[in-house]
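Take a look at the structure below.
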Amino acid sequence: MEMKEEELLQPVSPTAQSMNSFVRSISLIAVLEFEIAIDEHKFMSFAKDLIHLNPLFTSIMVNDVNGERKWKKVEVNIEEHIIVHTPPSNLSLQLFDAYFNEYMTNYALQELSQNKPLWEIHIINCPTNNAAGNLVFKIHHSLGDGYSLMGVLISSMTRAHDPSLPLTFPSRKVKLEQSGHILGRVYQFLLSSMNTVLDFGGNMMKSSVLEDHLTPIRSGGDGVEFRTFAIRTITFSLHHIKKIKAKLGVTINDVITGMIFLGLRLYMQETRPDSTNSNSTALVLINTRMVENYKSVQDMLKPNNSNAPWGNRFALLHIDIPKGTDCELSNPLQFIKAAQKMIKRKRYSSAVFLVGKLMEMIHKLRGPEVAAKFMYKTAQNTSLSISNMMGPREKMAMCGHPVKGVYFTVVGIPQSLMITVISYMEQLRITLLSEKEFIDEEKLTSCIEKAFENIHEASMELSI
(Lines give C-alpha, C1' and ligand atoms only; values in the text may rest on other atoms or scores of the structure.)
Protein backbone atom coordinates (compact mmCIF):
# COMPACT_ATOMS: atom_id res chain seq x y z
CA MET A 1 0.00 0.00 0.00
CA GLU A 2 1.39 3.41 -0.94
CA MET A 3 2.05 5.61 2.08
CA LYS A 4 1.02 9.26 2.20
CA GLU A 5 3.95 11.65 2.29
CA GLU A 6 2.65 13.38 5.44
CA GLU A 7 2.75 10.07 7.31
CA LEU A 8 6.53 9.92 6.87
CA LEU A 9 8.91 11.76 9.17
CA GLN A 10 12.63 12.30 8.72
CA PRO A 11 14.82 9.64 7.11
CA VAL A 12 16.40 7.16 9.50
CA SER A 13 20.00 8.14 10.24
CA PRO A 14 22.80 5.80 9.09
CA THR A 15 23.73 4.96 12.69
CA ALA A 16 20.10 4.23 13.61
CA GLN A 17 19.79 1.91 10.61
CA SER A 18 22.90 0.02 11.66
CA MET A 19 21.42 -0.42 15.15
CA ASN A 20 18.24 -1.96 13.75
CA SER A 21 19.08 -4.24 10.83
CA PHE A 22 19.02 -7.90 9.81
CA VAL A 23 22.53 -8.15 11.28
CA ARG A 24 21.80 -6.81 14.76
CA SER A 25 19.23 -5.19 17.02
CA ILE A 26 20.50 -3.25 20.05
CA SER A 27 18.47 -1.83 22.93
CA LEU A 28 19.14 0.14 26.08
CA ILE A 29 17.63 -0.90 29.40
CA ALA A 30 17.42 1.50 32.36
CA VAL A 31 16.15 0.41 35.78
CA LEU A 32 14.78 2.83 38.38
CA GLU A 33 14.56 1.47 41.92
CA PHE A 34 11.87 3.17 43.98
CA GLU A 35 11.59 3.53 47.75
CA ILE A 36 7.83 2.94 47.62
CA ALA A 37 5.56 0.61 45.65
CA ILE A 38 4.72 1.93 42.18
CA ASP A 39 1.35 3.57 41.55
CA GLU A 40 0.48 2.12 38.14
CA HIS A 41 -2.08 4.84 37.30
CA LYS A 42 0.46 7.65 37.76
CA PHE A 43 2.90 5.96 35.42
CA MET A 44 0.22 5.39 32.82
CA SER A 45 -0.25 9.18 32.79
CA PHE A 46 3.52 9.62 32.62
CA ALA A 47 3.69 7.38 29.54
CA LYS A 48 0.96 9.42 27.82
CA ASP A 49 3.06 12.55 28.35
CA LEU A 50 6.22 10.71 27.29
CA ILE A 51 5.02 9.99 23.76
CA HIS A 52 4.69 13.72 23.08
CA LEU A 53 8.30 14.46 24.05
CA ASN A 54 9.76 13.06 20.83
CA PRO A 55 8.13 12.12 17.50
CA LEU A 56 10.16 8.88 17.40
CA PHE A 57 8.14 7.60 20.38
CA THR A 58 5.10 7.50 18.11
CA SER A 59 6.84 6.20 14.98
CA ILE A 60 7.94 2.91 13.48
CA MET A 61 10.73 2.21 11.00
CA VAL A 62 9.48 1.42 7.47
CA ASN A 63 10.67 1.38 3.85
CA ASP A 64 9.25 4.09 1.60
CA VAL A 65 8.32 3.59 -2.06
CA ASN A 66 12.00 3.95 -3.03
CA GLY A 67 13.18 1.42 -0.45
CA GLU A 68 14.65 4.09 1.84
CA ARG A 69 14.26 3.66 5.59
CA LYS A 70 11.94 6.29 7.12
CA TRP A 71 10.12 6.91 10.38
CA LYS A 72 6.36 6.56 9.96
CA LYS A 73 3.86 8.14 12.36
CA VAL A 74 1.42 5.63 13.92
CA GLU A 75 -1.31 5.58 16.54
CA VAL A 76 0.02 4.50 19.93
CA ASN A 77 -1.84 2.21 22.30
CA ILE A 78 -0.28 2.98 25.68
CA GLU A 79 -1.41 -0.34 27.14
CA GLU A 80 0.82 -2.14 24.62
CA HIS A 81 3.87 -0.27 25.90
CA ILE A 82 3.23 -0.43 29.66
CA ILE A 83 3.61 -3.95 31.01
CA VAL A 84 2.54 -4.35 34.63
CA HIS A 85 3.97 -7.46 36.24
CA THR A 86 2.83 -8.63 39.67
CA PRO A 87 4.90 -11.47 41.16
CA PRO A 88 3.53 -14.05 43.61
CA SER A 89 2.90 -12.48 47.01
CA ASN A 90 4.01 -15.42 49.15
CA LEU A 91 7.76 -15.16 48.43
CA SER A 92 10.46 -14.23 50.93
CA LEU A 93 12.67 -11.19 50.30
CA GLN A 94 15.50 -13.46 49.14
CA LEU A 95 13.18 -15.25 46.72
CA PHE A 96 11.87 -11.89 45.46
CA ASP A 97 15.48 -10.97 44.59
CA ALA A 98 15.94 -14.23 42.69
CA TYR A 99 12.55 -13.75 41.00
CA PHE A 100 13.43 -10.24 39.83
CA ASN A 101 16.87 -11.31 38.61
CA GLU A 102 15.31 -14.15 36.60
CA TYR A 103 12.74 -11.74 35.17
CA MET A 104 15.51 -9.37 34.01
CA THR A 105 17.52 -12.27 32.54
CA ASN A 106 14.55 -13.39 30.46
CA TYR A 107 13.63 -9.85 29.47
CA ALA A 108 17.15 -9.11 28.22
CA LEU A 109 16.65 -11.78 25.54
CA GLN A 110 13.37 -10.37 24.22
CA GLU A 111 13.56 -8.06 21.22
CA LEU A 112 11.20 -5.11 20.87
CA SER A 113 8.40 -5.59 18.35
CA GLN A 114 9.00 -3.80 15.03
CA ASN A 115 5.23 -3.36 14.57
CA LYS A 116 4.94 -0.63 17.20
CA PRO A 117 7.17 2.23 18.44
CA LEU A 118 10.40 0.81 19.77
CA TRP A 119 10.09 1.34 23.52
CA GLU A 120 8.50 -0.28 26.57
CA ILE A 121 8.04 0.39 30.28
CA HIS A 122 7.78 -2.56 32.67
CA ILE A 123 6.33 -1.93 36.13
CA ILE A 124 7.44 -4.62 38.58
CA ASN A 125 6.10 -4.21 42.11
CA CYS A 126 8.52 -6.74 43.41
CA PRO A 127 10.09 -5.84 46.80
CA THR A 128 13.79 -6.68 46.76
CA ASN A 129 16.79 -5.86 48.92
CA ASN A 130 17.31 -2.76 46.79
CA ALA A 131 13.79 -1.41 46.23
CA ALA A 132 10.08 -1.60 46.99
CA GLY A 133 9.32 -1.48 43.27
CA ASN A 134 11.24 -1.38 39.97
CA LEU A 135 10.52 0.42 36.73
CA VAL A 136 12.31 -1.00 33.69
CA PHE A 137 12.58 1.36 30.73
CA LYS A 138 13.62 -0.24 27.43
CA ILE A 139 14.34 1.84 24.33
CA HIS A 140 15.76 0.67 21.04
CA HIS A 141 19.22 2.09 20.29
CA SER A 142 17.98 3.31 16.89
CA LEU A 143 15.89 5.93 18.74
CA GLY A 144 18.86 7.34 20.60
CA ASP A 145 21.89 6.65 22.78
CA GLY A 146 22.36 6.67 26.55
CA TYR A 147 22.57 10.46 26.69
CA SER A 148 19.22 10.72 24.88
CA LEU A 149 17.65 8.12 27.16
CA MET A 150 18.93 9.91 30.26
CA GLY A 151 17.54 13.13 28.81
CA VAL A 152 14.08 11.52 28.69
CA LEU A 153 14.35 10.40 32.30
CA ILE A 154 15.77 13.70 33.58
CA SER A 155 13.02 15.62 31.74
CA SER A 156 10.47 13.83 33.90
CA MET A 157 12.41 13.98 37.19
CA THR A 158 12.40 16.42 40.10
CA ARG A 159 14.40 16.74 43.27
CA ALA A 160 12.81 14.43 45.81
CA HIS A 161 13.17 16.88 48.71
CA ASP A 162 12.59 20.16 46.85
CA PRO A 163 10.92 19.92 43.41
CA SER A 164 11.41 23.66 42.87
CA LEU A 165 15.19 23.23 42.56
CA PRO A 166 16.89 21.69 39.51
CA LEU A 167 18.94 18.53 39.65
CA THR A 168 22.69 19.09 39.43
CA PHE A 169 25.37 16.90 37.85
CA PRO A 170 29.13 16.39 38.19
CA SER A 171 31.28 18.37 35.77
CA ARG A 172 32.12 16.69 32.46
CA LYS A 173 35.00 18.99 31.55
CA VAL A 174 38.11 17.31 30.19
CA LYS A 175 41.26 19.33 30.59
CA LEU A 176 43.82 18.81 27.86
CA GLU A 177 47.36 20.06 28.27
CA GLN A 178 47.99 23.15 26.18
CA SER A 179 51.36 24.66 25.46
CA GLY A 180 51.74 28.38 24.83
CA HIS A 181 55.12 27.92 23.16
CA ILE A 182 55.17 27.46 19.39
CA LEU A 183 57.40 24.40 19.67
CA GLY A 184 55.01 22.90 22.20
CA ARG A 185 52.04 23.41 19.90
CA VAL A 186 53.95 21.86 17.00
CA TYR A 187 54.84 18.88 19.20
CA GLN A 188 51.17 18.43 20.23
CA PHE A 189 50.09 18.58 16.57
CA LEU A 190 52.65 15.97 15.55
CA LEU A 191 51.74 13.77 18.52
CA SER A 192 48.03 14.01 17.67
CA SER A 193 48.71 13.21 14.00
CA MET A 194 50.86 10.19 14.83
CA ASN A 195 48.33 8.87 17.37
CA THR A 196 45.51 9.35 14.87
CA VAL A 197 47.28 7.35 12.16
CA LEU A 198 48.26 4.53 14.53
CA ASP A 199 44.84 4.37 16.22
CA PHE A 200 42.88 4.52 12.97
CA GLY A 201 45.00 1.73 11.49
CA GLY A 202 44.67 -0.32 14.67
CA ASN A 203 40.89 0.18 14.74
CA MET A 204 40.57 -0.98 11.14
CA MET A 205 42.63 -4.10 11.82
CA LYS A 206 40.60 -4.97 14.94
CA SER A 207 37.35 -4.39 13.06
CA SER A 208 38.32 -6.75 10.27
CA VAL A 209 41.07 -9.36 10.70
CA LEU A 210 42.43 -9.13 14.26
CA GLU A 211 40.48 -10.92 16.99
CA ASP A 212 41.02 -10.96 20.74
CA HIS A 213 42.09 -14.25 22.26
CA LEU A 214 39.41 -16.55 23.61
CA THR A 215 39.47 -16.07 27.39
CA PRO A 216 37.21 -16.52 30.43
CA ILE A 217 35.48 -13.25 29.42
CA ARG A 218 35.24 -13.93 25.66
CA SER A 219 33.58 -17.11 24.41
CA GLY A 220 33.67 -16.10 20.74
CA GLY A 221 31.66 -17.71 17.97
CA ASP A 222 28.51 -16.56 16.21
CA GLY A 223 25.27 -15.59 17.89
CA VAL A 224 26.71 -14.60 21.27
CA GLU A 225 24.08 -11.86 21.52
CA PHE A 226 21.28 -14.48 21.46
CA ARG A 227 22.61 -16.44 24.43
CA THR A 228 21.23 -16.06 27.95
CA PHE A 229 22.75 -13.24 30.00
CA ALA A 230 22.76 -12.50 33.71
CA ILE A 231 22.54 -8.96 35.11
CA ARG A 232 24.33 -8.06 38.36
CA THR A 233 25.21 -4.71 39.90
CA ILE A 234 27.91 -3.52 42.30
CA THR A 235 27.84 -0.26 44.28
CA PHE A 236 30.92 1.75 45.28
CA SER A 237 31.31 4.97 47.23
CA LEU A 238 32.24 7.94 45.03
CA HIS A 239 33.83 9.49 48.11
CA HIS A 240 36.36 6.66 48.26
CA ILE A 241 36.98 6.83 44.51
CA LYS A 242 37.63 10.58 44.78
CA LYS A 243 40.12 9.94 47.57
CA ILE A 244 42.00 7.51 45.28
CA LYS A 245 41.84 10.09 42.47
CA ALA A 246 43.34 12.79 44.70
CA LYS A 247 46.06 10.50 46.03
CA LEU A 248 47.19 9.39 42.56
CA GLY A 249 46.64 12.67 40.68
CA VAL A 250 44.44 11.01 38.06
CA THR A 251 40.80 11.34 36.92
CA ILE A 252 37.76 9.44 38.19
CA ASN A 253 37.53 7.72 34.79
CA ASP A 254 41.16 6.57 35.19
CA VAL A 255 40.33 5.02 38.57
CA ILE A 256 37.17 3.30 37.32
CA THR A 257 38.83 1.96 34.15
CA GLY A 258 41.91 0.76 36.01
CA MET A 259 39.74 -0.93 38.65
CA ILE A 260 37.69 -2.75 36.00
CA PHE A 261 40.81 -3.88 34.12
CA LEU A 262 42.42 -5.17 37.31
CA GLY A 263 39.21 -6.97 38.25
CA LEU A 264 39.08 -8.66 34.84
CA ARG A 265 42.67 -9.86 35.08
CA LEU A 266 42.07 -11.14 38.62
CA TYR A 267 39.06 -13.05 37.30
CA MET A 268 41.16 -14.53 34.50
CA GLN A 269 43.84 -15.53 36.98
CA GLU A 270 41.31 -17.35 39.17
CA THR A 271 39.56 -19.13 36.31
CA ARG A 272 42.37 -19.73 33.79
CA PRO A 273 45.79 -18.40 34.86
CA ASP A 274 47.35 -18.63 31.39
CA SER A 275 44.84 -16.03 30.09
CA THR A 276 46.23 -13.13 32.15
CA ASN A 277 48.62 -12.36 29.27
CA SER A 278 45.97 -12.63 26.55
CA ASN A 279 45.29 -10.00 23.91
CA SER A 280 42.05 -8.53 25.26
CA THR A 281 40.46 -5.28 24.14
CA ALA A 282 37.66 -3.17 25.59
CA LEU A 283 35.42 -1.01 23.41
CA VAL A 284 34.84 2.16 25.41
CA LEU A 285 31.81 4.19 24.31
CA ILE A 286 32.21 7.96 24.66
CA ASN A 287 29.69 10.75 24.19
CA THR A 288 30.84 13.14 21.42
CA ARG A 289 28.50 16.00 22.34
CA MET A 290 30.14 19.23 23.51
CA VAL A 291 28.18 19.43 26.78
CA GLU A 292 28.73 19.45 30.54
CA ASN A 293 25.22 18.49 31.69
CA TYR A 294 22.16 16.77 30.27
CA LYS A 295 19.70 18.77 28.21
CA SER A 296 15.96 18.32 28.21
CA VAL A 297 14.37 16.43 25.33
CA GLN A 298 12.89 19.72 24.11
CA ASP A 299 16.36 21.29 24.01
CA MET A 300 17.87 18.27 22.23
CA LEU A 301 15.22 18.51 19.49
CA LYS A 302 15.79 22.19 18.74
CA PRO A 303 17.03 22.58 15.13
CA ASN A 304 19.81 25.02 16.10
CA ASN A 305 21.09 22.82 18.94
CA SER A 306 24.42 21.60 17.57
CA ASN A 307 26.10 20.91 20.93
CA ALA A 308 23.61 18.41 22.38
CA PRO A 309 21.39 17.00 19.64
CA TRP A 310 19.10 14.00 20.02
CA GLY A 311 20.22 10.72 18.50
CA ASN A 312 23.27 8.46 18.53
CA ARG A 313 26.26 10.71 19.08
CA PHE A 314 28.99 8.46 20.36
CA ALA A 315 32.36 7.09 19.35
CA LEU A 316 34.19 3.85 20.14
CA LEU A 317 37.67 3.72 21.64
CA HIS A 318 39.69 0.50 21.43
CA ILE A 319 41.60 0.20 24.71
CA ASP A 320 43.89 -2.75 25.36
CA ILE A 321 43.46 -4.38 28.76
CA PRO A 322 46.93 -4.40 30.40
CA LYS A 323 48.54 -7.83 30.40
CA GLY A 324 49.94 -9.55 33.45
CA THR A 325 53.42 -9.10 31.96
CA ASP A 326 52.90 -5.33 31.69
CA CYS A 327 51.20 -4.74 35.04
CA GLU A 328 51.71 -6.96 38.06
CA LEU A 329 48.49 -8.15 39.68
CA SER A 330 50.21 -7.69 43.03
CA ASN A 331 50.72 -3.98 42.23
CA PRO A 332 47.17 -2.68 41.63
CA LEU A 333 48.20 0.96 41.14
CA GLN A 334 49.99 -0.01 37.93
CA PHE A 335 46.58 -0.64 36.38
CA ILE A 336 45.44 2.90 37.26
CA LYS A 337 48.58 4.40 35.75
CA ALA A 338 48.21 2.21 32.65
CA ALA A 339 44.57 3.31 32.23
CA GLN A 340 45.57 6.94 32.67
CA LYS A 341 48.29 6.64 30.04
CA MET A 342 46.03 4.95 27.49
CA ILE A 343 43.07 7.31 27.97
CA LYS A 344 45.32 10.38 27.85
CA ARG A 345 46.88 9.14 24.62
CA LYS A 346 43.45 8.55 23.05
CA ARG A 347 42.48 12.15 23.82
CA TYR A 348 45.29 13.26 21.50
CA SER A 349 43.85 11.28 18.62
CA SER A 350 41.13 11.93 16.06
CA ALA A 351 40.82 8.29 15.03
CA VAL A 352 37.30 7.90 16.47
CA PHE A 353 36.04 10.73 14.27
CA LEU A 354 37.72 9.25 11.20
CA VAL A 355 36.01 5.94 11.96
CA GLY A 356 32.71 7.84 12.11
CA LYS A 357 33.34 9.38 8.69
CA LEU A 358 34.30 5.95 7.34
CA MET A 359 31.00 4.56 8.60
CA GLU A 360 29.12 7.31 6.75
CA MET A 361 31.01 6.45 3.55
CA ILE A 362 30.32 2.71 3.92
CA HIS A 363 26.63 3.41 4.45
CA LYS A 364 26.47 5.73 1.46
CA LEU A 365 28.44 3.54 -0.95
CA ARG A 366 27.60 0.01 0.25
CA GLY A 367 24.32 0.40 2.13
CA PRO A 368 23.13 0.13 5.76
CA GLU A 369 23.48 -3.66 6.03
CA VAL A 370 27.18 -3.54 5.12
CA ALA A 371 27.69 -0.74 7.63
CA ALA A 372 25.88 -2.80 10.27
CA LYS A 373 28.11 -5.81 9.53
CA PHE A 374 31.19 -3.61 10.00
CA MET A 375 29.99 -2.41 13.42
CA TYR A 376 28.97 -5.97 14.35
CA LYS A 377 32.44 -7.28 13.47
CA THR A 378 34.05 -4.49 15.50
CA ALA A 379 32.23 -5.66 18.62
CA GLN A 380 32.56 -9.36 17.84
CA ASN A 381 36.36 -9.16 17.55
CA THR A 382 36.79 -7.50 20.97
CA SER A 383 36.26 -8.84 24.49
CA LEU A 384 33.81 -6.43 26.10
CA SER A 385 32.24 -2.98 25.94
CA ILE A 386 32.30 -0.30 28.64
CA SER A 387 29.91 2.64 28.82
CA ASN A 388 29.41 5.22 31.54
CA MET A 389 26.96 8.00 32.28
CA MET A 390 26.61 10.49 35.07
CA GLY A 391 23.52 10.83 37.20
CA PRO A 392 22.37 13.63 39.50
CA ARG A 393 23.99 14.42 42.83
CA GLU A 394 20.64 14.77 44.59
CA LYS A 395 17.91 12.22 45.20
CA MET A 396 15.40 12.39 42.36
CA ALA A 397 11.74 11.50 42.15
CA MET A 398 9.44 10.48 39.29
CA CYS A 399 5.67 10.86 39.58
CA GLY A 400 6.14 11.51 43.30
CA HIS A 401 8.11 8.26 43.76
CA PRO A 402 11.57 8.78 45.36
CA VAL A 403 14.29 6.98 43.39
CA LYS A 404 16.59 4.92 45.59
CA GLY A 405 18.90 3.70 42.81
CA VAL A 406 19.40 3.65 39.05
CA TYR A 407 21.41 1.52 36.64
CA PHE A 408 21.45 0.66 32.94
CA THR A 409 22.80 -1.83 30.43
CA VAL A 410 22.87 -2.51 26.69
CA VAL A 411 21.58 -5.72 25.10
CA GLY A 412 22.12 -7.18 21.63
CA ILE A 413 25.90 -6.71 21.44
CA PRO A 414 27.85 -9.80 20.24
CA GLN A 415 30.10 -9.97 23.30
CA SER A 416 30.09 -12.14 26.40
CA LEU A 417 30.45 -9.15 28.72
CA MET A 418 29.04 -5.62 28.84
CA ILE A 419 29.99 -3.27 31.70
CA THR A 420 28.10 -0.03 32.33
CA VAL A 421 28.71 2.62 35.00
CA ILE A 422 26.49 5.39 36.36
CA SER A 423 26.84 7.79 39.29
CA TYR A 424 23.93 8.78 41.53
CA MET A 425 23.87 10.50 44.94
CA GLU A 426 27.61 10.06 45.52
CA GLN A 427 27.38 6.35 44.70
CA LEU A 428 28.83 4.57 41.69
CA ARG A 429 26.77 1.68 40.26
CA ILE A 430 28.52 -0.82 37.99
CA THR A 431 26.32 -3.22 36.02
CA LEU A 432 27.66 -6.50 34.61
CA LEU A 433 25.75 -8.09 31.73
CA SER A 434 27.50 -11.46 31.39
CA GLU A 435 26.94 -14.62 29.40
CA LYS A 436 25.38 -17.25 31.65
CA GLU A 437 27.01 -20.67 31.97
CA PHE A 438 30.20 -19.18 30.55
CA ILE A 439 31.06 -16.33 32.93
CA ASP A 440 30.79 -16.94 36.67
CA GLU A 441 29.02 -13.68 37.56
CA GLU A 442 29.50 -14.13 41.31
CA LYS A 443 33.24 -14.67 40.95
CA LEU A 444 33.56 -11.77 38.49
CA THR A 445 31.68 -9.49 40.89
CA SER A 446 33.94 -10.61 43.72
CA CYS A 447 37.08 -9.94 41.64
CA ILE A 448 36.00 -6.39 40.76
CA GLU A 449 35.22 -5.71 44.43
CA LYS A 450 38.64 -7.14 45.34
CA ALA A 451 40.28 -4.90 42.72
CA PHE A 452 38.68 -1.83 44.30
CA GLU A 453 39.77 -2.89 47.80
CA ASN A 454 43.35 -3.52 46.63
CA ILE A 455 43.55 -0.18 44.81
CA HIS A 456 42.04 1.73 47.73
CA GLU A 457 44.37 0.11 50.27
CA ALA A 458 47.46 0.64 48.10
CA SER A 459 46.62 4.28 47.36
CA MET A 460 45.94 5.12 51.02
CA GLU A 461 49.38 3.77 51.96
CA LEU A 462 51.06 6.32 49.68
CA SER A 463 52.60 9.36 51.30
CA ILE A 464 51.81 12.67 49.62
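A straight Cα-to-Cα reach below 25 Å connects K302 with the lysines K48, K70, K72, K73, K138, K173, K357, residues fewer than 8 places away in its own chain not being considered.
Region 401-440 and region 77-152 have Cα centres spaced 14 Å apart. Each Lys or Arg adds one and each Asp or Glu takes one away; over the other residues whose Cβ falls under 14 Å from the Cβ of R159, this sums to 0. Model label sites at D97 and K341, defined 7 Å from Cα along the beta-carbon direction, differ in position by 4.0 nm. The amide H of Q427, built 1.01 Å from its N in the peptide plane, has L238 as neighbours under 5 Å, considering only residues 5 or more places off or on other chains. Between N277 and A315, the FRET efficiency estimated from the beta carbon spacing at R0 = 25 angstrom works out to 0.30.
Per residue, the solvent-accessible area of the chain (1.4 Å probe, heavy atoms of protein chains only, all protein chains present) comes to 46 Å². Listed by chain and number, the aspartates and glutamates placed with their C-alpha closer than 20 angstrom to that of K206 are D222, E225, D320, E360, E369; residues fewer than eight positions away on the same chain are left out.
The values are calculated or read from the model by the stated rules, or taken from the named source; none is laboratory data. Worth saying up front: this structure is predicted, and the values here are computed from it rather than measured. Glycine also receives a Cβ, built like all others from the backbone with ideal geometry; neighbour counts cover every protein chain displayed. Only protein heavy atoms, including side chains, enter the accessible area calculation; ligands, DNA and RNA are left aside. Shrake-Rupley method; radii C 1.70, N 1.55, O 1.52, S 1.80 Å.
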